[in-house]
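Read-outs: derived from the displayed coordinates by stated rules, not from any lab. What you see is a predicted model, and the numbers here were worked out from it, not measured in a lab. Methodologically, a virtual Cβ is constructed for each residue, glycine included, from the backbone with ideal geometry; neighbour enumeration extends over all protein chains shown.
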Amino acid sequence: MLLLESTLDREETQINGYVVICDYREVSLKQFVVWSITDASNTAKCIFQSLPVRIQEIHAIGVPKFISFVTDLVLSSMSEKIRSQVLCHKSLEETKKHLDLSILTTDYEGGSQNPEHLKQDFIKRAEDRRSEVLLMDEMSIDISHCRNLWQQNNGLSKIDAGLVGSFKKLNVD
């Protein structure tokens, strides 16, 4: 959030938006199964509908086949535009077909961005925007008109509860 809050005011960001790259190659399946389908769906809706950002694409690298299935399930409730922006890649090699790897850091084969330079640029930007970012913490939203809607939808749907239960029993090598 600090990255978003410290870059939202940049004209370049507002016009071009963001390309999000998530590397899941070192993430275990145990870390994924703590999320229910509802959690994943709500998070996706929040990212695409609630944040005031323009997301061009989301590239997920090293996504296990099982998680790719869940992603497809969650995305099925989204618009075609959103579905076309989310790309799951099994490997970095497959990612090369869809993304110019030169935008990655030098930690990745084909990457050309110096991670230390990017880190220092971000720290400077965050420090320059410190007062504005801290003011965002003082904002509040009147949610009283939504309480009834939330109380009606506070339980898991039957399909959601069934899928979560079956994921916990799934044995994957």
- Query: Placing +1 at every Lys and Arg Cβ and -1 at every Asp and Glu Cβ, with all other atoms neutral, what dipole size does the chain have around its Cα centre, in debye to the nearest 20?
  - Reply: 780
- Item | Size of electric dipole in the range 18-64: Cβ of Lys, Arg +1 and of Asp, Glu -1, about Cα centre, debye, nearest 20 | 80
- For the chain, what is the per residue volume of the convex hull drawn over the alpha-carbon atoms, in cubic angstrom? 154
- Task: Per residue of the range 28-35, in order, report the coupling 6.51 cos²θ - 1.76 cosθ + 1.60 (Karplus, θ = phi - 60°) as ³J(HN,Hα) in whole Hz, putting x for Gly and Pro.
- Result: 8, 4, 4, 6, 7, 6, 6, 8
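Count of lysine pairs in the chain with Cα atoms under 15 Å apart, counting only pairs 8 or more residues apart in sequence or on different chains?
Values: 30/65; 30/168; 30/169; 45/81; 65/90.
Lysine pair count for the chain: 5.
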- Query: For the range 1-155, with the dipole built from +1 on Lys and Arg beta-carbon atoms and -1 on Asp and Glu ones, taken about the Cα centre, which of 76, 8, 86 lies farthest toward the positive end?
  - Reply: 76
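As a check on your grasp of the helix formula, calculate [θ] at 222 nm for the chain: sum -39500 (n - 2.57) over DSSP H runs of n ≥ 4, divide by the residue count, round to the nearest 500. List each step's numbers first, then the result.
Values: 11 runs with 85 residues, N = 173.
That calculation yields -13000 deg cm²/dmol at 222 nm.
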- Query: Say each of residue 96 and residue 8 gets a label point 7 Å from the Cα, pointing the same way as Cα to Cβ; how far apart are those two points in nm?
  - Reply: 3.9
- Note on the structure: Dipole check, the range 1-157, charges on Cβ (K,R +1; D,E -1), about Cα centroid: among 140, 59, 114 the Cα furthest to the positive pole belongs to 59
- Item | Amide H partners (placed H, <5 Å) of residue 88, local residues excluded | 60
- Task: Assuming a ≥ b ≥ c are the square roots of the Cα gyration tensor eigenvalues, decide whether the range 21-97 counts as rounded (a/c under 1.5), prolate (otherwise, with a/b larger than b/c) or oblate.
- Result: oblate
